[in-house]
């Protein structure tokens with residue numbers, strides 16, 4: 001049975017998903033349902049063992065390391081070893097996969113680790129080296145919007161050839177990417193340039209809520225929170241403002257919204273219904289959003305990892321069949 005593990009390691013949360021040929025199966029070697037989401041934090045005990053997702057009362061916790069676009073300077077030191085952001089991301093990947101599987105991953109386990117689209121070659125090389133170093137040489141690297149599109153094809157496919165806009169609203173920012181999907185899509189389906197902004201997302205919306213409360217609370221009494229109606233209105237405004245990034249992405253690709261067939265909404269900050277509602281109304285295109293959009297990228301990565309194993313097995317079977325056929329032909333020719 002081909003079995004894939006997919007990881008989405010974000011600035012705020014890390015999500016792990018699994019995909020198997022038959023549904024309802026637990027990861028090999030694991031009994032019971034494994035966890036799926038962790039805070040993207042790291043602590044190290046006195047022996048150097050890493051722990052993911054824990055916030056200790058005492059001691060240092062390492063955070064804000066998942067975005068590797070800021071450079072490769074060491075961010076932490078464990079024993080005599082200085083760890084870069086790529087090292088920390090790889091450590092999270094290995095620790096989470098081991099926890100989900102209940103054992104260290106074997107060489108034939110399908111693994112896909114996602115990353116933001118647009119990482120330069122040197123960053124990808126550093127991440128590849130770090131994954132090899134922690135014991136994940138078989139892990140494939142998949143751009144986050146491509147993993148999201150893999151989920152879309154698996155859940156809603158077969159897709160008509162065309163363009164899809166991936167609107168990834170996470171805790172730390174917004175990523176917008178235009179992709180070719182469907183039959184005939186190239187191996188690198190990204191069209192134009194992926195765009196990123198920290199002006200939108202969970203943290204940015206939290207800042208907007210705090211500013212609204214300060215304006216309406218008066219000098220002496222500050223309300224505990226916004227009403228549902230006020231929060232929904234503010235979130236809708238937040239999403240409408242983010243459309244400037246969407247239109248910029250389209251201009252770079254030299255297309256219009258009429259050329260886009262569908263919008264795929266993903267990310268932990270995309271759960272509120274106002275997100276999909278505003279996008280559908282303002283952009284006038286079909287919007288696809290999973291029941292839990294924070295899982296979409298990890299689910300797509302797991303599907304990609306499983307498919308890579310199936311393709312590898314099929315290729316090996318074909319090679320074996322061809323080898324056998326060649327031997328039979330050789331024996332007949334010798335007679």
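Since every read-out is calculated from the coordinates, none of them should be taken as a lab result. Here the structure is a predicted model, which is why all the values come from computation and not from measurement. Note that we place each Cβ from the backbone using ideal geometry, even for glycine, and neighbour counts take in every protein chain shown.
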In the P(r) worked out for region 31-164, what percent of Cα pairs fall beyond 17 Å? 64 percent
Taking R0 as 45 Å, what's the FRET efficiency between residue 214 and residue 107 from their Cβ-Cβ distance, rounded to 0.05? 0.25
Among 105, 189, 56, which one shows the biggest mean-square fluctuation in a GNM of the chain, springs joining Cα atoms closer than 10 Å? 56
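May I ask for the Kirkwood hydrodynamic radius of the chain, worked out over all distinct Cα pairs and given in angstroms to one decimal?
21.8 Å
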Tail beyond 21 Å, pair distance distribution of region 133-218 (Cα, percent): 49 percent
Report relative contact order for region 142-192 in percent, whole number only (criteria: Cα-Cα under 8 Å, sequence separation at least 6). 32 percent
Can you give the Kirkwood hydrodynamic radius of region 158-286 from its Cα pairs, in Å with one decimal? 15.8 Å
Most mobile of 159, 279, 264 per a Gaussian network model of the chain (Cα springs, under 10 Å)? 159
Mind checking the angle between helix 85-101 and the chain's longest principal axis? C-alpha axes, 0 to 90 degrees, to the nearest 10. 70 degrees
Per residue of the chain, what 222 nm ellipticity follows from adding -39500 (n - 2.57) for every DSSP H run with n ≥ 4, rounded to the nearest 500? -14000 deg cm²/dmol
May I ask what percent, to the nearest 5, of DSSP beta bridges between residues of region 158-286 are antiparallel? 70 percent
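Looking at the chain, what % of its DSSP beta bridges pair antiparallel, to the nearest 5? Each step should come with its number before you reach the end.
Details: 30 of 47 bridges.
Of all bridge pairs located within the chain, approximately 65 percent are antiparallel.
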For helix 296-334, report the angle its Cα long axis makes with the longest principal axis of the Cα atoms of the chain; keep it between 0 and 90° and round to the nearest 10°. 10 degrees
Over region 158-286, what is the relative contact order in percent, taking alpha-carbon pairs closer than 8 angstrom and at least six residues apart? 32 percent
For Cα pairs less than 8 Å apart in space and 6+ apart in sequence, what is the mean separation divided by the residue count of the chain, i.e. the relative contact order in percent? 21 percent
Full extension between residue 198 and residue 256 adds, at 0.36 nm per residue less the Cα distance, a length in nm of 18.5 nm
Expected max-MSF residue from 112, 20, 302 in the GNM of the chain (alpha carbon, under 10 Å) is 20
Once the Cα atoms of helix 202-217 and of the chain are each reduced to a long axis, what angle between those two axes, in degrees from 0 to 90 to the nearest 10, is obtained? 10 degrees
Centre separation in Å (Cα based) which lies between region 280-315 and region 148-177: 7 Å
